[in-house]
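Some notes on the structure that comes next.
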Amino acid sequence: MHPRVVEVTERLIERSRATRQRYLEMLHAAASEGPQRGKLQCANFAHGVAACGGNDKQALRLMDAANVAIVSAYNDMLSAHQPYEHFPEQIKQTLRELGSVGQFAGGVPAMCDGVTQGEPGMELGIASREVIAMSTAVALSHNMFDAALYLGVCDKIVPGLLMGALRFGHLPALFVPAGPMTSGLSNKEKAEVRQRYAEGKASREELLEAEMAAYHGPGTCTFYGTANTNQLLMEVMGLHLPGSSFINPGTPLREALTREAARQVTRLTRQGGQFTPLGEIVDERCLVNSIVALHATGGSTNHTLHMPAIARAAGILLTWQDMADLSEVVPTLAHVYPNGKADINHFQAAGGMALLIRELLDAGLLHESVNTVAGPGLSRYTREPFLEDGRLVWREGPRESLDETILRPVARPFSAEGGLRLMQGNLGRGVMKVSAVAPEHQVVEAPALVFEDQLELVEAFKAGQLERDFVAVVRFQGPRSNGMPELHKMTPYLGVLQDRGFKVALVTDGRMSGASGKIPAAIHVCPEAFDGGLLARLQDGDPLRVDGRNGVLQVLLDEAELMARPLAEAPAAAVGCGRELFAFMRQSFSSAEKGASAFTASLEVLK
C-alpha cells in the first residue's frame, strides 16, 4: 500500500474510533434481533402483507424467506431515473423464483439540477438530499425487511439514499444503477454553442437544438458530473455489482444485471448464508477508496460535501484535509468531460471501471481487503459482465487502455496528482477542482467584484462591465443562507472572458459541482458569508489571490482594516417554489466542510 493511503486511513480510524464504535454497536444490536417481521404483533404483520399475493404472503410468514425492500427514485420526467419504471417488477419476479419476496418499500424524490439550474428550485437541492435520507428511513421503518435494494443515480439522490441506508446499516444492501444515455452531441460541441449564445453569436433556437441533441434519451447525462461520479464511487466502494455502473439502459445486459442484483442481495442475508450488512462494507478503508477514485478521475466537487456527510452517517469523521492529502499522491488517470473531450460511454469503452480499479490496486492506492456486495476483496471489480447465450458471466477486464487520451495507466498519468485542491487563507477554507483548469489559468491575482446573486454577474457581463481582470466573489450562496444552489449560469460568461485573455476567477460559498469547468473556482468557502465569514466584509476592488497550484485563498489587505468593516447584510430569505418550507432545515445545516448536512449535530451526539 502507498504510505500516504495507509497514513490517512489510520488517522481516520483513530479520529473516528468513538463514533464508529457507537455506530457499530447500534448496527450489531439491530442485526442480532433477526428478521424484524417475526417479532411484529399479528395485526402489524397483517397490515404489512395485506396487499401481497397469496404466495408472497405465505413466504413472508416463514423466516427462511428473505423479504427485500425496494427503495426507488423513479420518476418519468428525469432521464436518469426513467429507466427504473420496470426495475421493481423485474426484481420481484426474480426474487419469487428464489422463494423470496420483494416489496416496494417507498419512493424518494429525485430533482434534477440540470432542470433547475438558475431557477428558484435549485435552492432545494442540498435540502433534497436530507429529505431523501429521511424518506429512505421512513421506507425502512416498518421493520419488515431482511435486505434492501436502492435504485438511484443522480446528484443528491445516491448520497441521500446511502445516508438513509447507513442508519439501517444492519441490513444487507445493494445499489442498482440505471446506466448512462447513449452518446449524442458531444459535450465539447454543446459547451461551444453555450458560449456562443452567451456572446450573442448563436440564437436561442440553435442553443435549444444543441441541448436537446446532447440530452436526448433515457439514462444519465453523459458528461462526468455528479451523477456519473456517484456511479463510479458506488462501484469502487463495492456497493454495485462489478462492472455494472455504465451499462446503457434498455439493453439485455442492463436487465440481466438488475435481476442479478436481486439474487445477490438475498445471498447477503442471514437466510442466504453470506450475511454482509451494509454498515460493515462502508468503513474507513471503503471511504478512502472512494476518495482515491474521486481524485484519479477528476470527479465532482459536490462529493467534498457528500462524502463527509455519508461518512458521518457511518460514524466516520472524514475531513477535507484527508481528501487533500490523498489528492497529492493520487495520479489523474481519466479525462472525461469537463476534464477532457470524451464522455462516460467513451470511458467505458476505453477500459472503464475494470481497468481503473486494476491500475489503482496494482499501484497500492486502493485497499483490496474490503468487503463488497460481490464478496470479500476489491479485486473482484477488475472483471466485466457479459452475456453468453443469455447467461450473465464475468470475465477479467482489459489490462491496457484502448484509448490513452481518455484512460491511462498509473505509469503514464495525465497528472501526477489528483484533481482536487484544498484552498486556505484568511478568506477561509474551500476547494477547487483543478483537473479541468489549464495550468496557466490556475493562479489569478486581481481585484474583487462582489455579487450576491449569479444573475447579477450575468447582467454585468451583458452590460459590458466585466472586460477586465477580476475575481468574482459571489456570496450568500452557502447552505445556511439559501440552501447552496449550483451556480452554473455564470460558467459560459466567465469562460468567454477567459478566452478573451482576461484573468478571471471565482470565489464563492456556493457550489459549482461536477460540471465545474475551465475557470479557477474556489468554492464551498466556509465560514460562509451568512455566518459572518470574511466574504461578508469584502468590497469591490479588494485585491484577492486565488492560487490553485498552492491552495491559497487570500485577500491582500490588513486584517485590522477588514475587521473594522461592517458585515454585509444577508439578503432576505426567499419564498416561492417551496423554499419557505425548508427554512427550518437551512438553520440546521452544518458548514460545507462537515457536509452541509442538517444531521451533523444529531449524529455527533454519538461521540
Within the stretch 110-127, which residues are touching a Phe, Trp or Tyr at 6+ places or on another chain (Cβ under 9 Å) and either within 25 Å of Glu456 (Cβ to Cβ) or without any contact (Cβ under 8 Å) to a residue 40 or more places away in the chain (or both)?
Gly114, Glu123, Leu124, Ile126, Ala127
Name the one entry in Gly501, Gly464, Gly483 that is out of contact with any strand residue (DSSP E or B) (no Cβ under 9 Å at 6 or more places or on another chain) and either hydroxyl-bearing (Ser, Thr, Tyr) or closer than 23 Å to Leu207 by Cβ (or both).
Gly464
Which residue, of His367, His306, is assigned to a helix (DSSP H, G or I) and either modelled with pLDDT of 95 or more or in the same structural domain as Cys526 (by TED's automatic domain parsing) (or both)?
His306
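Results for (1) within 30 Å of Ala65 (Cβ to Cβ); (2) in contact (Cβ under 8 Å) with a residue 24 or more places away in the chain, shown as yes or no for each residue.
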residue: Cys154; (1), (2): no, yes
residue: Ile157; (1), (2): yes, yes
residue: Leu161; (1), (2): yes, yes
residue: Ser183; (1), (2): no, yes
residue: Ala191; (1), (2): no, yes
residue: Arg204; (1), (2): no, no
residue: Gly219; (1), (2): no, yes
residue: Thr222; (1), (2): no, yes
residue: Gln231; (1), (2): no, yes
In the stretch 453-502, which residue that is surrounded by fewer than 16 Cβ atoms within 10 Å (Cβ to Cβ) and touching a residue at least 40 places away in the same chain (Cβ under 8 Å) is farthest from Arg579 (Cα to Cα)?
Asp499
Reported set for the stretch 270-312 where residues are within 26 Å of Phe589 (Cβ to Cβ), of a type in the set (A, V, I, L, M) and in contact with a Pro (Cβ under 9 Å, 6 or more places away or on another chain) is Leu278, Leu305, Met307, Ala309, Ile310
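Can you name the residue in the stretch 92-130 that is among the polar types (S, T, N, Q) and more than 23 Å from the chain's Cα centre (by Cα) and, of all such residues, is farthest from Cys577 (Cα to Cα)? Talk me through it step by step, then tell me what you get.
First, the residues of the stretch 92-130 that are among the polar types (S, T, N, Q): 93-94, 100, 103, 116-117, 128.
Next cut, more than 23 Å from the chain's Cα centre (by Cα) only: 93-94, 100, 103.
Working: Gln93: 39, Thr94: 41, Ser100: 43, Gln103: 33 Å.
It comes out as Ser100.
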Out of all the residues in the stretch 122-141, is one or more outside the structural domain of Arg194 (by TED's automatic domain parsing) and modelled with pLDDT under 90?
yes
If a residue has to be under 20 Å from Glu456 (Cβ atoms), surrounded by 13 or more Cβ atoms within 10 Å (Cβ to Cβ) and charged (D, E, K, R) to count, how many in the stretch 550-586 make the cut?
1
Residues of the stretch 62-106 classified as closer than 14 Å to Pro249 by Cβ and touching a Pro at 6+ places or on another chain (Cβ under 6 Å), total
3
Would you be able to tell me the number of residues in the stretch 13-52 that are over 16 Å from Ala66 (Cβ atoms), crowded, with 17+ Cβ neighbours inside 10 Å and in contact with a Leu (Cβ under 7 Å, 6 or more places away or on another chain)?
3
Limited to the stretch 93-109, what total is found for residues that are free of Cβ contacts under 8 Å to residues at least 40 places away in the same chain and touching a strand residue (DSSP E or B) at 6+ places or on another chain (Cβ under 8 Å)?
3
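The values are calculated or read from the model by the stated rules, or taken from the named source; none is laboratory data. Just so it is clear, the model here is predicted, and its values are computed rather than measured. Note that we place each Cβ from the backbone using ideal geometry, even for glycine, and neighbour counts take in every protein chain shown.
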